[in-house]
Ligand SMILES: Cc1cc2nc3c(=O)[nH]c(=O)nc-3n(C[C@H](O)[C@H](O)[C@H](O)COP(=O)(O)OP(=O)(O)OC[C@H]3O[C@@H](n4cnc5c(N)ncnc54)[C@H](O)[C@@H]3O)c2cc1C
């Protein structure tokens, strides 16, 4: 079974994330980045499935040069090879264009016949959670998203998806696209052996043109949405903090009463 | 006036509150038309009309209930082609966003999710979002195709504005390709008698600080008529269901009041609650980062503070 895991390089959530003033895009140059934490669960799931089903795991990222760090982490965890779509034309791409590039790269990486595509449920920076659905739409394969449990047997995928009002069981046949939540497993840390082995693993770098996609279809200029303004939220006005001296509960109730919450 | 399509958010015909919010917001952009996929349209029609739906498109196709997301996206894409609306509005839940995403690709339209507001500005649809765990406010527009906007629940106070709500039945042929991810079983969430987490005006959440005993959190929530949330630490420990998790990989809530009890305020938790209007915390560590966000904080043991607050609230309510 060939498994492609799509991973994203994101600005570290612990750092001060911001935008580029010239073009209102996410600033990826001046902050430290890493493999989006939720994607680690997708990599882990891919490795477990590959171990159980004799599969090969290709990890795929679309992003600037530094995004190679995200691939490296996944290779250290145990993925077999990497694909990096790296092209200046991609800068500022929206979700729709990103999904176009991902779908093209998945197709090329699998010789046109993907079997299983895994992704995290959303990235930790954009947090839209729409790219998996878009890639499934473009590839024309079943969309099995937000999987908190996953089994693959006899060419069929079975997943648990916890929705707002119910917990659903979803079934589809391969090839399929699956996105996972952070409930699905506990990602492994790269071992020393894994770190050494990763240095010798092949990583291919492709341009947008290599995928047969016209560079004019991606990037900021081709985006279907546009950020017109961004503003740092004014810091919250410092609140009132009291120390409980036996009457903290009553004081809390008074605050709520004054705020007309009762 | 141009038509604005609103996807009705319902469970087996029972409307969710966000539908009325979407209709209220849609009126700023044009004439709302509700799109009701599935059973129960006749009952829903009264409410849809009350909040301003001029038309109610009804599509009843078993495939839309049986298969995940893709059939609903095909139905909406067909309606977008047919009506050339000024915009398509949906609720920003995981399903709503995924439907929006697929309609966007099918119709070559820009999609904006997690919006907290939408307005017509110089003839264009302009949205407001809160990003990077609430630290930035972003305004954006759609520059291609039909603006598709998914709005978070609780984005606007609902206001009635009665319209005709004429039911129009629509047939859409659903492709075989869309019938591929089948919902083979569905276990409804246990009814707790409490409001739904994303819809609630007040949310009281518990974290690792509860030590596994959520009873003071639940009692306080009940005194306020609130929903109960949980941090991931509490969920991972098996103390509370995952469907109640608030945060980056749980639910995003923006109630009028959010009360965090025994929760430290990690960035991933903040991502799910930072847009709440008023924030209160009870935590025994005065250094806990959650206190950076609060309008009111109590440094203390939740097992002392919450029961006393519960009694005081009950007494005040009479
Ligand atoms: C990919 C990823 C996704 C994540 N998604 C989420 C998410 O969606 N939601 C989420 O919440 N977290 C999420 N997390 C986890 C997050 O990083 C934190 O680990 C988690 O929020 C901590 O939960 P907590 O605040 O309950 O626990 P802790 O951080 O352990 O805090 C417990 C707090 O309780 C206080 N306390 C202890 N006893 C008492 C008492 N008796 N009375 C009062 N206070 C007391 C302590 O002072 C402390 O501040 C995610 C992490 C990752 C890596």
Residue count, the stretch A:215-240 (criterion: more than 19 Å from residue B:294 (Cβ to Cβ) and not in a loop (DSSP other than H, G, I, E, B)) | 14
Any residue at all in the stretch B:260-274 that is away from the ligand (no atom under 13 Å from the Cβ) and either on the phi < 0 side of the Ramachandran plot or surrounded by fewer than 23 Cβ atoms within 10 Å (Cβ to Cβ) (or both)?
-> no
Examine the stretch B:55-63 for a residue that is free of Cβ contacts under 8 Å to residues at least 24 places away in the same chain, under 27 Å from residue A:177 (Cα atoms) and not in a loop (DSSP other than H, G, I, E, B), and state whether such a residue exists.
-> yes
All-but-one check, residue A:101 against (1) at pLDDT 95 or above; (2) within 26 Å of residue A:48 (Cβ to Cβ); (3) more than 9 Å from chain B (Cβ to nearest Cβ), failing number (2)
Can you tell me how many residues in the stretch B:164-199 are farther than 26 Å from residue B:284 by Cβ and either within 16 Å of the ligand (Cβ to nearest atom) or within 12 Å of chain A (Cβ to nearest Cβ) (or both)?
-> 20
Restricting attention to the stretch B:277-299, the residues that are assigned to a loop (DSSP other than H, G, I, E, B) and crowded, with 24+ Cβ neighbours inside 10 Å number exactly 1
Taking strands (runs of 3 or more DSSP E) that do not extend beyond the stretch A:1-118, which have at least 2 residues that are away from the ligand (no atom under 16 Å from the Cβ)?
-> A:2-7, A:56-62, A:81-85
Inside the stretch B:220-258, the number of residues satisfying the requirement of being over 21 Å from the mean Cα position of the chain (by Cα) and within 15 Å of the ligand (Cβ to nearest atom) is 7
Which is in contact with a strand residue (DSSP E or B) (Cβ under 7 Å, 6 or more places away or on another chain) and either facing chain B (nearest Cβ under 7 Å) or under 30 Å from residue B:108 (Cβ atoms) (or both), of A:133, A:216, A:209, A:223?
-> A:133
Flagged pairs (Cβ under 9 angstrom, 6 or more apart or on separate chains; first in the stretch B:239-252, more than 8 Å from chain A (Cβ to nearest Cβ) and more than 17 Å from residue B:200 (Cα to Cα); second assigned to a loop (DSSP other than H, G, I, E, B) and near the ligand (Cβ under 6 Å from one of its atoms)) are B:240/B:231
Looking at A:181, A:145, A:151, which is the one that is within 14 Å of chain B (Cβ to nearest Cβ), touching a strand residue (DSSP E or B) at 6+ places or on another chain (Cβ under 7 Å), loosely packed, with under 14 Cβ neighbours inside 10 Å and modelled with pLDDT of 95 or more?
-> A:151
Could you list all residues from the stretch B:200-219 that are more than 9 Å from the ligand (Cβ to nearest atom), surrounded by fewer than 24 Cβ atoms within 10 Å (Cβ to Cβ) and in a loop (DSSP other than H, G, I, E, B)?
-> B:201, B:212, B:213, B:214
Within the stretch B:86-99, track down each residue that is facing chain A (nearest Cβ under 7 Å) and either in a strand (DSSP E or B) or in contact (Cβ under 8 Å) with a residue 40 or more places away in the chain (or both).
-> B:93, B:97
Could you figure out which of (1) surrounded by 22 or more Cβ atoms within 10 Å (Cβ to Cβ); (2) modelled with pLDDT of 95 or more isn't true of residue A:107?
-> (1)
Considering the stretch B:293-318, residues that are within 13 Å of the ligand (Cβ to nearest atom) and more than 8 Å from every other protein chain (Cβ to nearest Cβ), and then whichever is nearest to residue B:255 (Cα to Cα), we arrive at B:302
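The values are calculated or read from the model by the stated rules, or taken from the named source; none is laboratory data. Everything numeric here is computed off the predicted structure, so don't read it as measured data. Cβ coordinates were reconstructed from backbone atoms using ideal geometry, including for glycine residues, and neighbour counts include every protein chain displayed.
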